[in-house]
Amino acid sequence: MSRICEITGKRVQRGNNVSHSNRKTKKTFYPNLQWKKFYLEEEDRWVTLKVSTAGIRNISRKGLKACLDNAVENGLILGY
């Protein structure tokens, strides 16, 4: 499975690692992804998601149902 947050859509980014002498080498920036289980009260079941830490904060602010509906609307997940 790819390194994409299922809530925010954050993915791997590529850029340059710039040294003090201004030499540039390619670098990959990975999102801080975690496997996390959330309890979906509306359906009385557990949902396991691969989310970034920013996604976990979004879920705690907005609620799991709202974040899942938004992710389905944006095409990040097919269903839950």
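The values are calculated or read from the model by the stated rules, or taken from the named source; none is laboratory data. Only a predicted model underlies this, so the values are computations on that prediction, with no experimental measurement involved. Neighbour counts are summed over all protein chains in view; Cβ atoms, including those assigned to glycine, are modelled from backbone coordinates with ideal geometry. We work out accessible area using only protein heavy atoms, side chains counted, and drop any ligands, DNA or RNA first. Shrake-Rupley method; radii C 1.70, N 1.55, O 1.52, S 1.80 Å.
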> Which one is farthest from the chain's Cα centre (by Cα) among residues in region 1-24 that are hydrophobic (A, V, I, L, M, F, W, C) and not in a strand (DSSP E or B)?
Replying inline: M1
>> Condition first: in a helix (DSSP H, G or I), in contact (Cβ under 8 Å) with a residue 12 or more places away in the chain and open to solvent by 90 Å² or more (accessible area, probe 1.4 Å). Now tell me which residues in region 25-80 satisfy that.
In response: N74
> Give me the pairs: first residue in region 3-19 and within 25 Å of R57 (Cβ to Cβ) and among the hydroxyl-bearing types (S, T, Y), second residue at pLDDT 95 or above and open to solvent by less than 100 Å² (accessible area, probe 1.4 Å), beta-carbon distance under 6 Å, and six or more apart or on different chains, which are they?
Replying inline: T8/S52; T8/A54; T8/G55
